[in-house]
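Peer 1: Right, I'll just put the structure down here and ask away after.
The values are calculated or read from the model by the stated rules, or taken from the named source; none is laboratory data. None of the values given here were measured: they were computed from a predicted structure. Ideal geometry is used to build each Cβ from the backbone, glycine not excepted, and the neighbour counts take in all protein chains shown.
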Amino acid sequence: MNSNSSAQCGTAGGRGRRGGGGSAQAANPPPDASNSFHKTVAYHGSLYIDFASGAILRITLEGDMGSGPLLRVASVIDYGRMVIGERRYICPVRSLALTEAQDSSNFGSPAVATDPYTGVNTIVQVNETLFTDYHRLGSTTRILTYGQAPPAQAPSHAEATTPASHP
């Protein structure tokens, strides 16, 4: 899969379950383990389904972060119909991951925004992944029994296109 173009995916109604658990970690944690952040949180989200086919079209999740250095963690995965080989599949076509974290170390940096209501400095990071160029990966295997000669090999592409030398 390459990440170079996007596909749009429609949505139909549907609602995911509330609750569950997940793990959140501050984006780009420093190598010093004393500054890392780990927290198990509840989450909520939505599940969008094409009711005619039963295909999942989108999944959204958002962590209920509570207090801590991470203010918001959310993700969206869009699915679409893909033809791979001669078959049709429902595959991811785009995902977004969003993290909003408190930041007091880079005050005045252009990457830091200050919430006008709380006065908290925040950094928002968005990671978008586009899934394209799906293709089928396949192989062929032949098992030989003892004493059976292997089949004649077809010449490789390089051998077939290299002109023979003449004395």
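Here's the yes/no breakdown for (1) touching a Leu at 6+ places or on another chain (Cβ under 6 Å); (2) within 21 Å of residue 124 (Cα to Cα):
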site	(1), (2)
73	no, yes
76	yes, yes
81	no, no
85	no, no
89	no, no
93	no, no
97	no, yes
102	no, yes
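Peer 1: Now for a separate question. Name the pairs whose Cβ atoms lie under 7 Å apart, with the first residue in segment 74-93 and in contact (Cβ under 8 Å) with a residue 40 or more places away in the chain, the second surrounded by 13 or more Cβ atoms within 10 Å (Cβ to Cβ) and charged (D, E, K, R), and 6 or more positions between them or separate chains?
Peer 2: Sorted first by the residue in segment 74-93, then by its partner, the pairs are 78/58; 78/94; 79/58; 93/78.
Peer 1: Report whether or not residue 52 is loosely packed, with under 13 Cβ neighbours inside 10 Å and modelled with pLDDT of 90 or more. Lay out the reasoning, then the answer.
Peer 2: Working: loosely packed, with under 13 Cβ neighbours inside 10 Å: yes; modelled with pLDDT of 90 or more: yes.
Yes; evaluated as a whole, the condition is true for this residue.
This table checks each residue for (1) over 30 Å from residue 77 (Cβ atoms); (2) at pLDDT below 75.
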residue: 106; (1), (2): yes, yes
residue: 114; (1), (2): yes, yes
residue: 117; (1), (2): yes, no
residue: 132; (1), (2): no, no
residue: 139; (1), (2): no, no
residue: 145; (1), (2): yes, no
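Peer 1: Any chance you could count how many residues in segment 113-136 are assigned to a loop (DSSP other than H, G, I, E, B), closer than 21 Å to residue 80 by Cβ and either in contact (Cβ under 8 Å) with a residue 60 or more places away in the chain or of a type in the set (Val, Ile, Thr) (or both)?
Peer 2: 3
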